[in-house]
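The values are calculated or read from the model by the stated rules, or taken from the named source; none is laboratory data. This one's a predicted model, so the numbers in the text were calculated from it and none came from an experiment. Using ideal geometry, Cβ is built from the backbone for each residue, glycine included, and neighbour counts are taken over all protein chains shown. Remember, those area values only see protein heavy atoms, side chains included, never the ligands or the DNA or RNA. Shrake-Rupley method; radii C 1.70, N 1.55, O 1.52, S 1.80 Å.
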Amino acid sequence: MTEISQRIANLHLLTKRLIWCTLIAMGAFSLLFAPALIFGERLLLTWVVFCTGIVGGFVSIQQRVKKISDEELSLISGSWFQILLIPVFGAIFALVLYCIFLTEILTLDMFPRFDFPPIPEDGPDSKYIQDVLKKTYPSSGQDLAKMIFWSFVAGFAERFVPQIITNLSGKASKG
């Protein structure tokens, strides 16, 4: 087999495996969060953020795959773990970014805002923490769209969230 035909075969294999891994990961997390939507009639935003991060990671690797070296392509296409790792990192970064937005450490008009459940008069308790996890939603439809967009960016641009963390930790240590 020539080098070109081997590269094409590896690209096809990588693409197929990446699609399967992405579908399996999204399916698994959909099954995990489906009961909340079906029985609780609540859409858990964490599920949306996680799955959007997976899609961002998938699109990122699909765009980069044609530019990587033959050796790296051979390594990635031969390992299910390596293929799954990139979209999962995208999902994790999307969740971290979601937490950063919830804290309002970053506040600009281009970032989403959220409405939290009211704090009980006697102070936060376990029930309040559950309410925060279940009932914290974007303040508007535009804020939901912003959250989806930034979740995709977090998955797509693998250095975006780590750079935010580095910048924030640098400011915290100075301040």
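The residues of the range 35-152 have, on average, 59 Å² of accessible surface per residue, using a 1.4 Å probe with all protein chains present. Only protein heavy atoms count here; on that basis, with a 1.4 Å probe, MET110 has an accessible area of about 100 Å². Axis angle, to the nearest 10 degrees, between helix 3-38 and the longest C-alpha principal axis of the chain: 20 degrees. For q = 0.11, 0.12, 0.17 Å⁻¹, what log10 I(q)/I(0) does the range 62-147 give under the Debye formula with an equal point scatterer on each alpha carbon and no solvent? Computed log10 I(q)/I(0) values: -0.52, -0.58, -0.82. Measuring only protein heavy atoms, the 1.4 Å probe finds ASP143 accessible over about 20 Å².
Heavy atoms only, probe 1.4 Å: what % of the accessible area of the chain goes to carbon and sulfur, would you let me know? Display every interim value, and only then the final one.
Values: 7200 of 10860 Å².
Summing carbon and sulfur atoms, their accessible area is 66 percent of the total for the chain.
Expressed in nm to one decimal, what extension gain is obtained for the pair LYS171 and LEU23 from 0.36 nm per residue of sequence separation less their Cα-Cα distance? Kindly include the intermediate steps, with their values, before the conclusion.
Numbers: separation 148, 0.36 × 148 = 53.28 nm, distance 3.86 nm.
Extending this stretch completely gives an extra 49.4 nm.
Using DSSP to define loop residues, name the chymotrypsin sites (Phe, Trp or Tyr not before Pro) in the range 34-111 whose beta-carbon has at most 11 other beta-carbon atoms within 10 Å. Passing both the DSSP loop test and the Cβ count: PHE39. Taking only the Cα atoms of the chain, the radius of gyration and Dmax are 19.2, 72 Å. The loop-placed GluC sites (Glu not before Pro) in the range 66-175, going by DSSP, that have at most 13 neighbouring Cβ atoms within 10 Å of their Cβ come out as GLU104, GLU121.
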